[in-house]
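So the structure is just underneath, and the comments pick up after that.
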Amino acid sequence: MVPSNPTTFGRAPMDTRWSTPTLRDFTTATWSELSAAEQRRIARHFTYAPEMPPDTFSSLSLPHHRADGADVVWRGVVAAAGRLDQTDLPADELGKVRAHLAAHYEQFDRVAPWKRLADRWDYFIAARDRLGRPWRDADLADVFRELGFELEAATLGDFVMSYEPTARREVRTLERPVEARADANGTPTALAGYAAVFDTPTTIGGPHPFQEVVDRHAFDDVLGDDVRVLFNHDPNLLLGRTKSGTASLAIDDRGLRYEVTPPNTQVGKDVLALVTRGDIDGSSFGFRVLEDTWTEGATSDELPLRRINKVALYDVSPVTQPAYPTSTVEARNEAATISEAIQSRRDAKRDAVAETDKRRHIVAQNIANMY
């Protein structure tokens, strides 16, 4: 059993020394001499007890409270967390134990190691692969619970935004002016621009270049999502987000348009000033492709054409310098496969023409020899 309401206890100073308590630190009596109530009191200094009241003091696991009181000791919490993998706990209790200790981490304004999601990505990938279908927020929430903590729906977007491997993220930039919107007094207070335009081919370079267009329905499912507007795609330079109403997205015949009211911070003021002066002349969006189609040789120069049909949108950003388009390994491999197929047919056609010319030459030579 895991004691409930872990944060009802006070916390000792961060630098409080820690050592694993013994029964003698709690009482001069033996365990069997204690009342059930006293045994429960002592058990609440630990993270886990197999039963309440415990049969023995030695059955208690992962202490982290002061014996001469009930304050939580930071070094005790860290020690308990560090011993999780070495402690034989029932599988159905492990999540509760993690949640209990994570609450204490938060008491000290810290994040439990298992909640540092970047370190747990392999766990999420394995869980997703077991599904055999696209990953939904509800599935992600289930995996969070397996790890022993809950997240609000809005925070699921934070997870994908912050920790999904960069190999799965792509960025596209549109060189189109960003507008500064002024209030009634003529003071710039908002920014607006297009992050993407529809059905406009863009060449993605590299060893196997391809052309790409964004379908006009690619963003249909993201308008209700919590999307951030960042400066230069830097999550530390937040200008606004749709969840708070400080940013908005709209789709028109041209493309995906965004508008944001930057905060009254130095970053917000600087970006407004840069846009007003004309120093920022491009916008970009960070995304992951959910659905795309490839067409072989559909463009005039026979480059493969990729049509992006549906995306998960991470952020939109006014940018100071248009970034070189980034694409996933999967996209580059698909482009390479199609390019190699095109080249193979070109080689076959060239060889066929050469063979035909060779035969014509032989026939002509034979005719000439007849005379």
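Read-outs: derived from the displayed coordinates by stated rules, not from any lab. Because the structure is predicted, anything quoted here is derived from the model rather than measured. A quick note on method: Cβ atoms are made from the backbone with ideal geometry, for glycine too, and the neighbour counts reach across all protein chains shown.
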Pull up all non-local amide H partners of residue 310: gap of 5 or more, or a different chain, and H-to-H distance under 5 Å with H placed in the peptide plane.
290, 291
Say R0 is 51 Å: what FRET efficiency, to the nearest 0.05, do residue 183 and residue 92 get from their beta-carbon distance?
0.35
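For residue 358 and residue 33, calculate 0.36 nm times their separation in residues minus their Cα-Cα distance, and state this gained length in nm to one decimal.
106.4 nm
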Short version: ³J(HN,Hα) in whole Hz for each residue of segment 250-260, in order, from phi by Karplus 6.51 cos²θ - 1.76 cosθ + 1.60 (θ = phi - 60°), x for Gly and Pro, what are they?
8, 10, 10, 5, 7, x, 9, 10, 10, 9, 9
